[in-house]
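Bear in mind that the values in this text are calculations on the coordinates, not laboratory data. Model, not experiment: these values are computed from the prediction. Here Cβ is always computed from backbone atoms with ideal geometry, including for glycine, and neighbour counts include all displayed protein chains.
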């Protein structure tokens with residue numbers, strides 16, 4: 001099949017999937033007003049792969065079929081390959097302003113790493129390679145679900161008093177039967193497949209009771225017994241113009257709870273089963289985190305550049321860019337962009353071939369992005385709020401531009417460097433980017449999407465090579481001692 005068109009993507013979403021939202025079943029995600037904007041964005045991303053100008057930048061030739069497939073599936077062997085992937089990531093995330101964070105390239109990169117290190121999946125290694133090739137050559141969209149429902153975080157999943165987490169309840173000749181739920185399947189409404197895998201931050205205890213939860217598999221979204229419960233949309237049920245919600249009407253990627261009602265997963269779809277060691281260590285053994293961080297760091301850079309450009313536009317519209325405190329905040333945004341860019345390039349410059357044969361970016365610079373960007377983005381929202389001030393609070397609906405008070409609007413909503421229509425569109429964009437429900441979800445997403453930041457920080461400290469730095473301090477104190485002995489001997 002090779003790369004799919006936007007029309008093929010939309011048609012694939014009309015598969016009878018069981019998706020619920022606001023207490024009712026959604027019959028067609030491509031036409032439902034709450035979800036159609038995200039579906040249209042997805043179609044636009046896939047149409048980009050067919051643009052003659054972007055063909056070589058966004059696709060490569062499948063070694064298995066000879067057809068063009070998405071560049072995000074490429075298993076990089078050289079530094080040039082890493083640069084190709086970065087450029088492809090940028091195309092999609094520049095188009096979505098970094099606000100469609102769980103675009104399909106994220107899981108595509110994950111699958112590429114899993115397949116390269118398939119030996120880590122033990123008896124299911126061939127299944128992992130087969131699914132990677134299927135996803136690549138059929139251009140399938142997958143979302144992953146790694147997290148168990150929040151019930152009692154003081155206990156591990158195998159010790160919960162209320163047993164709701166997805167688990168294997170039995171096996172048959174045809175496969176394993178899954179019952180329970182997984183949460184936070186971002187992009188669930190727009191995906192072809194669910195990839196159920198471990199959460200790196202939450203290892204299982206090595207007990208017999210925990211083995212039922214040591215599962216990994218892929219399954220089509222429209223499989224009988226699979227149900228999705230989608231959170232509410234980020235826009236009102238009815239809107240007059242997309243100018244009022246320019247981001248949330250296009251880039252709300254959906255977040256779902258997945259319910260498995262005794263779902264049969266065929267053996268050929270199983271990727272891990274009842275093996276605590278594989279469940280707890282697979283990411284480390286396949287060296288996936290660096291490749292995944294490379295993708296999301298590019299997304300972060302695109303988002304930071306958008307917020308910076310929005311701030312530039314706001315201050316020039318109302319001519320406040322001459323004030324030094326405003327310039328200081330703009331400098332913060334510039335510095336964030338340049339730090340992110342430098343970290344990405346540094347990760348590529350320090351890349352090495354992993355034991356799985358993949359050219360893998362250096363971990364250190366990308367870890368810095370992972371931990372610093374959530375605060376960078378939160379601060380960029382705060383800066384937009386400060387710069388827009390009361391203008392963000394009182395910006396009217398775009399409908400007022402042509403309403404009964406259109407003349408008053410044209411007079412009283414103009415700015416020093418923009419007419420009223422332009423200013424209203426710009427300020428509605430700033431509201432959606434910095435202080436809407438959509439913005440709040442974006443800030444929470446950035447805080448947690450790469451895992452628990454507290455556990456992650458602990459892992460970073462424990463795994464960081466501290467010895468050279470500790471030895472430096474020992475050597476420094478010894479040098480000072482020697483210099484002190486020389487000084488006192490002269491006295």
Students often get this wrong: which residues of the range 25-69 have the backbone nitrogen under 19 Å from the point 7 angstrom along Cα-to-C-beta of residue 83?
54-61
Would you please calculate the Kirkwood hydrodynamic radius of the range 80-156 over all C-alpha pairs and express it in Å, rounded to one decimal?
14.7
Taking R0 as 60 Å and r as the Cβ-Cβ distance between residue 202 and residue 33, the FRET efficiency 1/(1 + (r/R0)^6), rounded to the nearest 0.05, comes to 0.95
So between residue 389 and residue 163, what do we pick up on full extension, going 0.36 nm a residue minus the alpha carbon distance?
76.6 nm
Listed peptides 88-94, 201-207 by packing density, highest first (mean Cβ within 10 Å)
88-94, 201-207
With only helices counted (DSSP H, runs n ≥ 4, each -39500 (n - 2.57)), the per-residue ellipticity at 222 nm for the chain, to the nearest 500, works out to -15500 deg cm²/dmol
Which peptide among 97-104, 417-424 comes first, and what is the full order, when sorted by highest mean count of other Cβ atoms within 10 Å?
97-104, 417-424
Peptides ranked, highest mean first, by Cβ atoms within 10 Å: ranges 248-260, 148-160
248-260, 148-160
List the relative contact order of the chain as a percent without decimals, with contacts defined as Cα pairs under 8 Å and 6+ residues apart.
16
Given Cα pairs under 8 Å that are at least 6 residues apart, what percent is the relative contact order of the range 367-491?
26
For the range 1-158, how big is the tail of P(r) above 25 Å, as a whole percent of Cα pairs?
39
Hey, got the Cα dimensions of the range 287-404 along the principal axes, in Å, largest first?
67, 34, 18
Stretched out fully, how many nm does the piece from residue 402 to residue 414 gain, at 0.36 nm a residue minus the Cα gap?
2.9 nm
Per residue convex hull volume, Cα atoms of the range 6-284, in Å³:
142
To two decimal places, what compactness ratio does the chain give when its Cα radius of gyration is scaled by 2.2 N^0.38 Å?
1.08
Hull shadow area, averaged, the range 146-292 [alpha-carbon convex hull, nm²]
10.9
Euclidean distance of C-alpha centroids, the range 1-79 and the range 149-196, integer Å:
26
